[in-house]
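Trainee: Structure in structure tokens, see below.
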Amino acid sequence: MAHDLSSGHPHHQRLNIMTSEELKELEEKLIAKERSIFAAQKRRDFAAVEAALAQGFREIGGSGHFFSKAQVLDRLKFVHLLDYWLECFRLLLIDPTCVILTYIITVERRYKGRQYFNRSHRSSIWAERNGSWRVIFHQATPLQENETASTEVEPSDAALTEDIPFRENT
């Protein structure tokens, strides 16, 4: 079935109703919310982490395994987040109630008495439901130790998304 997204179609108009100022405000709001999830983990406030995750939340961890909201919350109890650094944020607007926020994170953690550092590309899908923004999906893709965190997109990598407007905030 074909979808009509011509300029007169209501779905097309809905995608264009956010001004650049509104988009910037949303970006800043969701970056702050993403940072607050890690701040809550660091202070071991699991209720705050849980509140940020939507019902039905799913995650693909750095190992490539799927986790439910309950599994993620359970595993967080065994990992102590010591510090974290987030950078290279990019926002992809799906529609005014759904966005993808990508960034790079460096984390320092303690697990079973051992300390770990790692860097990864992260992506979170944020959705607004009943006036509240929550994460519905999250994925971590590990960066190798000697790999630089490039935010440049190769033309061959962008073939499927070249017409989708990304908003960068570094």
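Trainee: What's the exposure ranking of Leu101, Leu23, going from fewest to most Cβ atoms within 10 Å?
Mentor: Listing Leu101, Leu23 from fewest to most nearby Cβ atoms yields Leu23, Leu101.
Trainee: Take Tyr116, Tyr84, Tyr103 and order them by how many other Cβ atoms sit within 10 Å, fewest up front. Walk me through the numbers before you get to the answer.
Mentor: Working: Tyr116 11, Tyr84 15, Tyr103 22.
The fewest-first ordering by Cβ neighbours comes to Tyr116, Tyr84, Tyr103.
Trainee: Fewest first, what order do Ile94, Ile31, Ile17 take by the number of other Cβ atoms within 10 Å?
Mentor: Neighbour counts put them in this order, fewest first: Ile17, Ile94, Ile31.
Trainee: Related question: What does the range 17-146 give for Rg and for Dmax, in Å, if only its C-alpha atoms count?
Mentor: When restricted to Cα atoms, the range 17-146 yields Rg and Dmax of 14.7, 51 Å.
Trainee: Quote the FRET efficiency, to the nearest 0.05, computed for Leu86 versus Gln55 with a Förster distance R0 of 35 Å and r equal to the Cβ-Cβ distance.
Mentor: The calculated FRET efficiency here is 0.90.
Trainee: Using label points projected 7 Å from each Cα along Cα→Cβ, tell me how many nm separate Ala127 and Ala32, to one decimal.
Mentor: 2.4
Quick note: the coordinates plus some simple rules give every number you see, no bench work behind them. If you're wondering where the values come from, they're calculated on a predicted model, not measured in any experiment. Please note: Cβ atoms are built from the backbone with ideal geometry, for glycine as well, and neighbour counts cover all protein chains shown.
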